[in-house]
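The values are calculated or read from the model by the stated rules, or taken from the named source; none is laboratory data. Nothing here was measured: the structure is a model prediction, and the numbers come from that model. Note that we place each Cβ from the backbone using ideal geometry, even for glycine, and neighbour counts take in every protein chain shown. Note: accessible area is taken over every heavy atom of the protein model, side chains too, but ligands, DNA and RNA are not part of it. Shrake-Rupley method; radii C 1.70, N 1.55, O 1.52, S 1.80 Å.
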Amino acid sequence: MNHNPWLPYLVTDYIKQLDPLLSVFEWGSGESTLFFVNTLRVARLISIEHNREWFDKAQSELLKLHTERYHHHLIPYEQGTIGPDKANPTHYKSGSTQLGDVNFKRYCSAIDDYDKFDLILIDGMARASCLAHAYSHVADGGCIVLDNTGDRPYYLEQTAHLFGDYESGWEIIKFMGYGPILDYKWETTIFIKKDKRHYEDR
């Protein structure tokens, strides 16, 4: 069965061109999780989810694979706010107005328990904070995929400076297009960390 992550099809096609991927980290599990393990067959996947329902759906499929290469973690939000600004990565705040006074610090910082990844997908909660943590965990030649940057520009208001320009070692590509579920186009941004070894050989 084919699984399509809830990303613009153009982004999914781009990711397929990266195959084989040795390691993937994602915030927000579901169809993307099953896409990585069934379509791309990544060597290692770390998936972080805050919602019990989404976690259980993906986990039931992962358990059928009987492999230790895929690690799926349920990390719910924590009570209490750290700060009021959803654009500030140190506040660990979601843009959702339904959650109340909570924070996602443990959820966003989960990646700090690992080294580097070929691809990091940010499609979950408190994405500005996730992006700030993801920055130092991208392998040379790897990338970060940040969904919904067009309709939620606050993700990048206080984090875009981390990536500078092309000369800083990062290339930034924006994709706008249709994808699963939705009947309108939306934007996803990909941050590519240039392979220093290749760059130095030139």
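Evaluate segment 112-128: report whether one residue or more is small (G, A, S), in contact with a Cys (Cβ under 8 Å, 6 or more places away or on another chain) and more than 13 Å from I192 (Cα to Cα).
yes
Checking K64 against (1) without any contact (Cβ under 8 Å) to a residue 12 or more places away in the chain; (2) among the basic types (K, R); (3) within 20 Å of L156 (Cβ to Cβ): exactly one of these is not met. Which one?
(3)
Which pairs turn up if I take residues in segment 33-54 that are closer than 22 Å to R127 by Cβ and look for partners that are open to solvent by 40 Å² or more (accessible area, probe 1.4 Å) and part of a helix (DSSP H, G or I) with beta carbon separation below 6 Å, at least 6 apart in sequence or on another chain?
Short answer, once both residue conditions are applied: L34/E61.
Would you point out the residue of segment 152-183, among those that are assigned to a loop (DSSP other than H, G, I, E, B) and modelled with pLDDT under 95, that is nearest to the chain's Cα centre (by Cα)?
Within segment 152-183, the match that is nearest to the chain's Cα centre (by Cα) is P180.
I'd like the residue in segment 101-128 that is part of a loop (DSSP other than H, G, I, E, B) and without any contact (Cβ under 8 Å) to a residue 40 or more places away in the chain and, out of all such residues, is least open to solvent (accessible area, probe 1.4 Å).
Checked segment 101-128; the qualifying residue least open to solvent (accessible area, probe 1.4 Å) is D115.
Would you mind finding the one in D147, D101, D140 that is out of contact with any helix residue (DSSP H, G or I) (no Cβ under 6 Å at 6 or more places or on another chain), of a type in the set (D, E, K, R) and farther than 17 Å from I48 by Cβ?
D101 is the lone residue from the list that is out of contact with any helix residue (DSSP H, G or I) (no Cβ under 6 Å at 6 or more places or on another chain), of a type in the set (D, E, K, R) and farther than 17 Å from I48 by Cβ.
Any idea which of (1) surrounded by 15 or more Cβ atoms within 10 Å (Cβ to Cβ); (2) at pLDDT 90 or above; (3) touching a Pro at 6+ places or on another chain (Cβ under 9 Å) is the one L40 doesn't satisfy?
(2)
Taking the condition of being under 20 Å from R106 (Cα atoms) and open to solvent by 70 Å² or more (accessible area, probe 1.4 Å), how many residues in segment 57-74 meet it?
1
Report whether or not Q17 is of a type outside the set (K, R) and open to solvent by 60 Å² or more (accessible area, probe 1.4 Å).
yes
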